[in-house]
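Just below is one structure, and these are the notes that go with it.
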Amino acid sequence: MKCPFCKKTLVRGEKKRFENLSDHVENPNAENHPLRLTFVCDCEYSKDSFWDGQGGIYSGRNSYDHRELYRLFPSKNCHAAIDSWDEWMDNVFTFQRKIEPFMIFAKYKSSAAYRVAKFFFNPSKPKNNF
């Protein structure tokens, strides 16, 4: 995986306890979370941030800093790590939303658009990072 800001390869960081989306959905009031792998970069834009094994970013920055990152990197809406599962799924869903209006003969337009998007992005599926 690579940093979405400076494009350098992310290195493994220390294991941390943090709540991911699955944890939040399954048990939103949990007090403890398991130790998980983290990936870090030393560039100035990823200060106080780390990525999980799927490429999702976790940051300790305040909202002003996030607005500044979005101003500097407007094409990124989630800042997922490059060549990660999160970036791949973001690309699939973005393409799905773009082609959905053209699925005029499909009974379920969203499902058809998703299948077409996965077909086109399947060769670029990332490899497991751990």
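Things worth noting here:
- Top-ranked residue of segment 15-48 - restricted to ones that are small (Gly, Ala, Ser) and in a helix (DSSP H, G or I), ranked as farthest from CYS3 (Cα to Cα): SER22
- Restricted to segment 36-48, and to residues there that are under 20 Å from TRP85 (Cα atoms) and either of a type in the set (S, T, N, Q) or loosely packed, with under 12 Cβ neighbours inside 10 Å (or both), the residue that is modelled with the lowest pLDDT is SER46.
- Within segment 9-28, the set of residues being among the hydroxyl-bearing types (Ser, Thr, Tyr) and at pLDDT below 90 comprises SER22 only.
- Verdict on ILE99 being in the same structural domain as GLU19 (by TED's automatic domain parsing), at pLDDT 85 or above and β-branched (Val, Ile, Thr): no
The values are calculated or read from the model by the stated rules, or taken from the named source; none is laboratory data. All figures in this text were calculated on a predicted structure; none of them were measured in a lab. Using ideal geometry, Cβ is built from the backbone for each residue, glycine included, and neighbour counts are taken over all protein chains shown.
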